[in-house]
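To start, the structure under review is shown below, and the notes come after it.
The values are calculated or read from the model by the stated rules, or taken from the named source; none is laboratory data. A quick note: this is a predicted structure, and the numbers were derived from the prediction, not measured. Neighbour counts are summed over all protein chains in view; Cβ atoms, including those assigned to glycine, are modelled from backbone coordinates with ideal geometry. In case anyone asks, the SASA skips ligands and DNA or RNA and just uses the protein heavy atoms, side chains included. Shrake-Rupley method; radii C 1.70, N 1.55, O 1.52, S 1.80 Å.
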Amino acid sequence: MSENAFATFSSTGLRHVIIGAGTAGVTAAETLRHLDPKAVVTLLDGEGEQPYSRMAIPYLLAGQIGEEGVRIHREPDHYKKNGIELLTQRAIAIDSRAHVVTLADGRSLTYDRLLITTGSTPNREPVAGIDLPGVHTCWTLNDARAILAHIKRGARVVQMGAGFVGCIIMHGLLAQGARLTVLIRSGRMVSRMMPPAASAMIQRWCEARGVEVKGRTQTQRIDRHGKELRITLTTGEVLPADMYLSVVGVTPTLDFVQGSGIDIDTGIVVDERMRTNVPDIYAAGDVVEARDCVSGRSQINAIQPNAVEQGRLAAHNMVGQTTESAGSFACNVLDTLGLISSSFGQWAGIPGGDSAVLEDGGHFRYLNLQFKEDILVGASCIGYTEHIGAMRGLIVGQHRLGHWKDALKENPTRFADAYIALVEHRDLYSHAAPLA
């Protein structure tokens, strides 16, 4: 850190180190600066970039924004001006006893409070040829740069994976003029956020827009012949391609945590204050398992609103302001080539639960409500974009529906009416008659 740039901020106070400069990390850094003006706040960006939002990458691929549009803050001196020391270095180890973080360049940073917000890393397909030229992932800004540098109009692109990330990048690929073939091992698009009927509807939408979808298959090997890739599938079919995209999910980035004593399940386990089991170490964002506000289970809910809130909560607790989380929330809103789909809470339902389904395949509209007794615990929908906040409010609030459950089973689209009656005007609930 330069001697003068942070003198105003760091003359006294704690030293806060944040590993990871995504949304959760930047939110935490700025919150810490606001709450603790005299503290030292150091933010580590392991990608060697000015912090950016991954959610903006599909717009970059589509040519709708330039690189400046993906930055969380466009001003290059934003962090310096706000007394945040931004280091474009990767952490490789944590000594929790000595309160020291070791960096890839050999330096060490001491800390009083440490926050881990490293997000996720793309999964690597265990197939021969995955390191060949022309094979890419699509997760980082560097990945997007590589794709844009090599994709040309008419390029044959084979994409393995049709989960959330796989679906949101399709628009960018088609906008660049690609001829796109998508492989799905499970046979269902976005199977982790949509029931089978909804997955099939999304697939039909994509196929109608020129995407070839091949279900129940995956890549067996990748070979290169001159400038052409040849993708051998488990079915035996061989696809010629100019580019291969491996988009098969992500895993929390935890390599540097080994040996630190931090409790890890699928992600870093935290309590309601974003504390880990190790004193003075906190975690937030896609790297953590936190209590889900609907199911009560500890799980990863990797969405930006959770990351922002967890980063803010961690910062408050790091400076000693006891602030507890109400729980994270499973919520996904997906734009697949213009078709909007959403899932909330326990969208797949619970054992012994009840449901209400409305399906209009001709107009690409679908609505599925899931109940536990007379409580709405989850929902999934396609084509319904208005009043989605009311659906979310009913699920998060775990409101007893009473007679409104019968109304919703008869007409699931009335979720906004139920929310208004039960939440915004509670006096109506006690007088509500069963609706025909």
For the chain, what is the largest minus smallest coordinate of the Cα atoms on each principal axis, given in angstrom and ordered from greatest to least?
70, 70, 37
Out of VAL278, VAL423, GLY46 - ranked by how far each Cα lies towards the positive end of the dipole of the chain, with unit charges on the beta-carbon of charged residues - the top one is GLY46
Could you check what % of the DSSP bridge pairs in region 134-267 are antiparallel, to the nearest 5?
40 percent
Working from the pairwise distances between different alpha carbons, so that the mean of 1/r is found and then inverted, what is region 238-353's Kirkwood radius in Å?
16.2 Å
Running a GNM on the chain with Cα contacts under 10 Å, which residue among VAL319, VAL127, VAL396 ends up with the highest mean-square fluctuation?
VAL127
Test item: Cα-centred dipole of the chain, Lys/Arg +1 and Asp/Glu -1 on Cβ, debye
860 debye
Connecting C-alpha atoms closer than 10 Å in a GNM of the chain, tell me which of ALA98, ALA330, ALA307 has the biggest fluctuation.
ALA98
Find the percent of Cα-Cα distances in region 310-385 that exceed 21 Å, and round it to a whole number.
46 percent
P(r) for region 48-157, please, calculated from all Cα pair distances in 5 Å bins and given in %.
2, 9, 15, 16, 17, 16, 11, 8, 4, 1, 0, 0
Just the accessible area per residue of the chain, please: how many Å² with a 1.4 Å probe?
45 Å²
Over region 304-436 - Rg/Rh using Cα atoms and the Kirkwood inverse-distance radius
1.03
In nm, give the distance between the simple-model label positions of ASN82 and VAL333, each being 7 Å from the Cα along the Cα-to-Cβ direction.
2.3 nm
Please state the equivalent ellipsoid semi-axes for region 181-271: what are the square roots of 5 times the Cα gyration tensor eigenvalues, largest first, in whole Å?
32, 22, 11
Work from the charge dipole of the chain (Cβ charges, +1 for Lys and Arg, -1 for Asp and Glu, about the Cα centre) and give the residue of VAL357, HIS34, VAL100 farthest towards its positive end.
VAL357
Assuming R0 = 51 Å, what is the FRET efficiency of ASP95 and HIS403, from their Cβ-Cβ distance, to the nearest 0.05?
0.30
Calculated FRET value between THR110 and THR323, using beta carbons and R₀ = 30 Å, to 0.05
0.75
Expected unfolding gain across ARG414-THR235 under the 0.36 nm per residue rule, minus the alpha-carbon gap, is 59.9 nm
Given the -39500 (n - 2.57) contribution per DSSP H run of 4+ residues, what per-residue ellipticity at 222 nm results for the chain, rounded to the nearest 500 deg cm²/dmol?
-6000 deg cm²/dmol
At a probe size of 1.4 Å, how large is the accessible area of THR102, to the nearest 10 Å²?
40 Å²
What dipole magnitude, in Debye to the nearest 20, does region 195-250 give about its Cα centre under +1 on Lys/Arg Cβ and -1 on Asp/Glu Cβ?
80 debye
Fraction of accessible area attributable to carbon and sulfur, the chain (%, probe 1.4 Å)
49 percent
Using only Cα atoms, what is the ratio of the radius of gyration of region 261-324 to 2.2 N^0.38 Å?
1.01
Summed residue charge, Cβ within 10 Å of ALA155's Cβ, Lys/Arg positive, Asp/Glu negative
+3
By how many nm would the segment from ASN142 to HIS425 lengthen if fully extended, with 0.36 nm per residue of separation less the alpha-carbon distance?
96.9 nm
Work the Kirkwood hydrodynamic radius out for region 103-166: mean of 1/r over every pair of different alpha-carbon atoms, inverted, in Å.
15.3 Å
How far apart, in nm, are two points set 7 Å out from the Cα along the Cα-to-Cβ line at GLU373 and at ARG204?
3.8 nm
Just to be sure I understand the curve: with the Debye formula and one point per C-alpha of region 111-233, what is log10 I(q)/I(0) at q = 0.12, 0.18, 0.19, 0.20 Å⁻¹?
-0.50, -1.04, -1.15, -1.27
Using r as the Cβ-Cβ distance of SER191 and THR121, and R0 as 25 Å, what FRET efficiency do you calculate, to the nearest 0.05?
0.70
Partners for LYS372 among lysines (Cα-Cα distance below 25 Å; same-chain residues under 8 apart left out):
LYS405, LYS409
